[in-house]
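Step one of this worksheet: look at the structure below.
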Amino acid sequence: MTDTPNGAQALIRTLVDSGVDVCFTNPGTSEMHFVAALDTVPEMRGILGLFEGVVTGAADGYARMAGKPAATLLHLGPGLGNGLANLHNARRGRTPIVNIVGDHATYHKQYDAPLESDIDSIAAGAPGWFRRSKSADEVAGDAADAVAAALSSPGGIATLVLPADTCWLPAPDGAAPPVAPTAPAPVATEAIERVAALLRSDARCGLFVGGRALTAEGTRAAARVAAASGATLVSETFPARQRRGAGIPGVDRLIYLAEFAQMQLAGIEHLILVDAVEPVSFFAYPDKPSTIAPDGCEIITLVDGRHDAQAALDALVDALGAADVAGLEPGRPARPSGPLDVGSFADAIAATLPDDAVVVDESNTSGLGLQAATAGCPPHDWLCLTGGSIGIGLPLATGAAVGAPGRKVLAVESDGSGMYTFQALWTMAHEALDVAVVIANNGRYSVLDMELDRVGAEAGGPKARAMFDLTGPDIDFVSLAQGLGVPGERVETADALADALDRAYATEGPYLIDAVLPPMAF
C-alpha cells in the first residue's frame, strides 16, 4: 500500500481487519480501482464468478460454513439486480453478506450514462443495512459499519454503494478500526419459566426449531426438552445449515406440502418457536388454509434471530431437569443396484457419503428420499434452499467449499434449477474446489407438474405440460461441464451412480455426475 492509500485500498484493508477476507466478484469499469487494490492487500482473496447470481449464492454458502461474511463486488444496478435472486435466499436464511456495489463517479451521475440506474430501489429487493459512501474519507468507516451490520444479530445483508471517485481519490486516514456487532440477546427468565410451565402441563405442545438451534448442540438440547415433556419436535422445512447424522438426535422436518404439514402439527395447542418463524404454506391454494398450525393453536416465540437460541434451550433443559438422549445409531443403506429411481438415488448417495461432508441440497422432487436414507450417515452438514428462489445449489456449493476447506462438498442439484447458474462450475474448476455435483436429471420441472394440479388450474393439457419439459433437445450436462473445465460422466443405474460417487470423492477438484432418473408421476 502506498503512503497515502486511496479509498479502495482503505476499504479492502478495513474489510480484512474486520474479518472479511474473501470477496466473490463480477466487476466492471466502475469497480476497477477496487480490483487494482486487491494486489495491495494480499490477505484478501478475490474469487471470480461468471454471473452475479453465482457471486451472491457463493457468498451465502461461504458464510453459512465459515460463520463470517464474504464480500461481493457487483457492477452497478444491473449487477446487483442480477444477484437479487440468491440475495433473497440469503436474506431468508439470515446469512451475513457485505455487498460492495460500484456506481458512477459522483460528478458523472448527472449525465444519465447508459448504465445509470436507481441502485437504491434495486437494493430494496434484498432489504437490510444500506449506505452510499459520499467521499473517499468515509469509505473505510462505512465498510466497518457494513461488516458490523451484517454480523449483528440476527445476521443479514449489508449493501454499500461505492461511487467510482470515492475509490480513486486519496483516503489519508487509511483503514478504519473494526466495529463490534450487536451480540445475541439473552432470553428473559420470565419467558423461559412460562414455556417450561406449559411443557410441564398436560397441554399438547410443539417445539418448532430452526436457524441457529440446528447445530449438534442445539438439536440435542431440543431433543432433551421434547423427550422430557412429550412435546412434538419439528424443524423448519429448509434449514440454512443443519448438523445431522449418527450420534445426533433426529429431528423431523416440517413437510413442504401444507396438508401433510398440518398432519404433523395436528392437535398441538401451543407451538413454541425457537429461532424459527410461524410455519405457513409456501403458496396459496384454493380452499386450503395459509397457516399450518391448528385452529386455536397459540404461537409462542421463545427465541427469534435476535436472541441466543442455545442458551434458551439449555435453560429449558435445566428448568425441566431433562435427561440426556441418545443420538441416531450409525447406519446407512447397502449400495443399491438396478434401475435409478427416487429411492435408489437416495440410497446411492447415502451409501457413499464421506465423513464430515457438506451436503448442498437443491434436489427438489428427486431428493424426496434423501433425508431418511442419510439419517444414520456419519455426521455432516446439510444446506438447503432457504428462500425458494431456485438456482442456488451450485453457487452455494462453490462458496461452501471455500468456507470449509478440507471437507468434501456434495451438491445434489436438479436439472432445471442447475441450469440457472451452471456457470458456477467454471469457478469450481478455476479454484480447484472439491465439489462432487450430482445432477438429478429427469428432464422436467417436475415440481411444477405437481403444482399445476395442486392449485386447481382448469387446463393442464399438452400445451401447459410442455412448459415444464426439458427435453427436445435433451441437456448434455457432461459436455457442458467439460466445457467449463469439470470432468464428468452420465449414469443410468443405481450401482453406476454409487461407483461414480466414489470416483468423484477420490478426484481432486470438482466432478459432475449426470444421473438420469424417470420423470416423477403426480
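What to note about this one:
- Ordering 307, 108 from the fewest to the most neighbouring beta carbons within 10 Å gives 108, 307.
- Amide proton proximity set for residue 359, modelled H, under 5 Å, gap of 5+: 381, 382, 383, 410
- Positive-end residue, region 342-516 charge dipole about Cα centroid, Cβ charges, pick of 512, 376, 351: 512
- Projecting the Cα atoms of 19, 98, 152 onto the dipole axis of region 7-168, where Lys and Arg carry +1 and Asp and Glu carry -1 at the beta carbon, places 152 farthest toward the positive end.
- The distance from the alpha carbon centre of region 33-48 to that of region 324-352 is 43 Å, rounded to a whole number.
- Dividing the summed -39500 (n - 2.57) terms of all DSSP H runs of n ≥ 4 by the residue count of the chain sets its mean residue ellipticity at 222 nm at -10500 deg cm²/dmol.
- Each residue of region 120-127 was assigned a 3J(HN,Hα) from its phi angle through the Karplus expression (A = 6.51, B = -1.76, C = 1.60, θ = phi - 60°), giving 4, 5, 4, 5, 5, x, 10, x Hz with x at Gly and Pro.
- Computed from backbone phi, the HN-Hα couplings of region 132-149 come to 10, 5, 9, 7, 4, 5, 9, 4, 5, x, 4, 5, 4, 5, 5, 4, 4, 5 Hz, rounded to whole numbers (Karplus: 6.51 cos²θ - 1.76 cosθ + 1.60, θ = phi - 60°; Gly and Pro given as x).
- For the chain, share of DSSP beta bridges that run antiparallel, in % to the nearest 5: 10 percent
- Here's how it looks for residue 233: its modeled amide H is under 5 Å from those of 207, which are all 5 or more places away or on a different chain.
- Given (1) 27.8, 93; (2) 23.8, 71; (3) 25.7, 85, the label whose value is Rg and Dmax of the Cα atoms in Å derived from this model: (2)
- Rounded Å value of the spacing that divides the Cα centres of region 405-484 and region 264-295: 30 Å
- The residues 514, 499, 453, 434, when put in order of fewest to most other Cβ atoms within 10 Å, stand as 453, 499, 434, 514.
- Given +1 at the Cβ of Lys and Arg, -1 at the Cβ of Asp and Glu and no other charges, the dipole of the chain around its Cα centre is 460 debye to the nearest 20.
- Note that region 266-273 has calculated 3J(HN,Hα) couplings of 4, x, 6, 9, 9, 9, 9, 8 Hz, one per residue in order, obtained from phi through the Karplus relation 6.51 cos²θ - 1.76 cosθ + 1.60 (θ = phi - 60°); glycine and proline are x.
- Ranked list, fewest to most other Cβ atoms within 10 Å of each Cβ, for 257, 233, 394, 313: 257, 233, 313, 394
- Only beta bridges with both residues in region 189-320 are counted; by DSSP, about 5 percent of them are antiparallel.
- Share, in percent, of DSSP beta bridges within region 342-516 that are antiparallel, nearest 5: 5 percent
FYI, it's all coordinate maths here, none of it is from the lab. Fair warning: this is a prediction, and the values are worked out from it, not measured in the lab. Quick reminder, even Gly has a Cβ in these numbers, built from the backbone with ideal geometry, and neighbours come from all protein chains shown.
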